[in-house]
Amino acid sequence: MTSPTYLQDLVTPALVLDGTITQRNLDQAASFVEGRSVRLRPHFKNHKCVPLARAQRAAGGYCGMTAATVNEAAALVDGGIDDVLIANQVVGEAKVERLLDLAARATVRVAVDAVENAAPIGMAATARGIEVGVLIEIDVGSHRSGVQPGQPVLDLAQALMPISGIRFDGIQAYHGYVVGMSLSPERDAEARRSMEPAIASRRLIESAGFACPILSGAGTATYRVVGEMEGVDELQIGSYATLDWSYKERVGDEFDVALFVLASVISTRADAFVLDAGVKAVAHDFGPPRITEPPGCDIPSFQAEEHAVVNAPGHPLKVGDQVKITSSHCCATCNLHEQMFVCEGERIVDVWPISARGYGG
């Protein structure tokens, strides 16, 4: 089978990344940290694509990658990324053993929020004669995982330090609820307010005589505000590399949408057309997908597995024409595909595997 050369050659639905826009996004983030002590630790869960992770590393301002799961961390280490933070709790013997396999090959840290998270990792690491770095996760308002800021953080840090096989490397604080807020001065203020307890917790640990080398956190929507706060070392930005229409509304002109799903028209009528891409090709967590060309398109309900019905009175499309769909959730859309086609204009310049797609620890 001949490899596709142009977008029109693709078998649809196909995940496509505009390489020119993505590179501009990567350069924008790297330029922000230039001359600052804070570094970028891009989040792999956005795209799960190792070549794109390498491009993020090459863009500069980088200290390592963030992963959500052991499976993602394994893809990164196998792909030559040698510093990975699993910004999540790793629980269960099989996951812990796989974590230690990776920690024997690269710098791999993991988030903990209780001795119960850390002790099994320490015990297994001691048996292997290795050590794993841990970051205490602080709940700064998302009320997901994490210990409360202040004295509980210091108490946990003191409880972790005697555990053989683990090394206390700092803290992480992710304010997901702030990242989801609309672009506004109020969001910026809330980003600062939410991170202040994490910075104060770091100072509390240090004042007790313990080293706290890392404070890692923030996201694409808040990286600039948090990156200007003294005491923050790493920015866990993720969606900036690809973006989606929902996130674009939350970042304004900072970054642009580079990711889309190419679909084909399979049926038409005067006031609508049908595409060959449904919920198995395009994630819609934050709203139905959008189409900009032709203008006047609307997807009123996006629930079919393999179809999208698009209301577009007077549209010029015919069966076989291609349409670009923009998702409302780039991370979940990437997870639906085995590969992404990298384009420059209409020409395909590369094909990148999505090596950590699917569900798994």
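Here the stretch 91-146 is the region considered, the condition is being touching a Ser or Thr at 6+ places or on another chain (Cβ under 6 Å), surrounded by 17 or more Cβ atoms within 10 Å (Cβ to Cβ) and of a type outside the set (A, V, I, L, M), and the residue that is nearest to M65 (Cα to Cα) is E137.
Within this structure, P316 passes the test of being surrounded by fewer than 13 Cβ atoms within 10 Å (Cβ to Cβ), out of contact with any strand residue (DSSP E or B) (no Cβ under 9 Å at 6 or more places or on another chain) and in a loop (DSSP other than H, G, I, E, B). Summed over the stretch 1-53, the residues that are hydroxyl-bearing (S, T, Y) and buried (at least 16 other Cβ atoms within 10 Å of the Cβ) give a count of 2. A single member of G80, G64 is within 25 Å of N46 (Cβ to Cβ), surrounded by fewer than 16 Cβ atoms within 10 Å (Cβ to Cβ) and not charged (D, E, K, R), and it is G80.
Taking helices (runs of 4 or more DSSP H) as the structural unit, those lying wholly within the stretch 167-257 and holding at least 1 residues that are aromatic (F, W, Y) and under 21 Å from R36 (Cβ atoms) correspond to 223-227. Say whether the condition of being at positive phi, over 14 Å from the mean Cα position of the chain (by Cα), in the same structural domain as H307 (by TED's automatic domain parsing) and part of a loop (DSSP other than H, G, I, E, B) is met by at least one residue in the stretch 323-342. The answer is no, given that none of the residues of the stretch 323-342 is at positive phi, over 14 Å from the mean Cα position of the chain (by Cα), in the same structural domain as H307 (by TED's automatic domain parsing) and part of a loop (DSSP other than H, G, I, E, B).
Would you mind stating whether V110 is assigned to a strand (DSSP E or B), on the phi < 0 side of the Ramachandran plot and out of contact with any Asp or Glu (no Cβ under 8 Å at 6 or more places or on another chain)? In short, yes. Looking at the stretch 34-88 only, could you name the residues that are among the hydrophobic types (A, V, I, L, M, F, W, C), touching a helix residue (DSSP H, G or I) at 6+ places or on another chain (Cβ under 7 Å) and in a helix (DSSP H, G or I)? Correct list: F44, V50, L52, A53, A55, A59, V70, A73, A74, A75, L76, V77.
Put simply, of L262, L275, L317 the only residue that is within 17 Å of I21 (Cβ to Cβ) and more than 19 Å from the chain's Cα centre (by Cα) is L262.
Given the criteria among the aliphatic types (A, V, I, L, M) and part of a strand (DSSP E or B), does V140 qualify? When the stated conditions are applied, V140 does not pass them. Run A211 past the list (1) free of Cβ contacts under 8 Å to residues at least 60 places away in the same chain; (2) within 20 Å of Q236 (Cβ to Cβ) and report the number of the one that doesn't hold. Result: A211 fails condition (2) only.
Among the residues of the stretch 23-54, write down those that are touching a residue at least 40 places away in the same chain (Cβ under 8 Å) and either in the same structural domain as H329 (by TED's automatic domain parsing) or small (G, A, S) (or both). Answer for the stretch 23-54, where residues must be touching a residue at least 40 places away in the same chain (Cβ under 8 Å) and either in the same structural domain as H329 (by TED's automatic domain parsing) or small (G, A, S) (or both): A29, S37. If you check A281, A198 for being buried (at least 17 other Cβ atoms within 10 Å of the Cβ), outside the structural domain of I136 (by TED's automatic domain parsing), in contact (Cβ under 8 Å) with a residue 24 or more places away in the chain and out of contact with any Ser or Thr (no Cβ under 6 Å at 6 or more places or on another chain), only one passes: A281.
Residue-level check: of (1) charged (D, E, K, R); (2) touching a residue at least 40 places away in the same chain (Cβ under 8 Å); (3) in contact with a Leu (Cβ under 7 Å, 6 or more places away or on another chain), K95 misses just (3).
The values are calculated or read from the model by the stated rules, or taken from the named source; none is laboratory data. Predicted model, so just to flag it, every value in this text is computed and none were measured. Here Cβ is always computed from backbone atoms with ideal geometry, including for glycine, and neighbour counts include all displayed protein chains.
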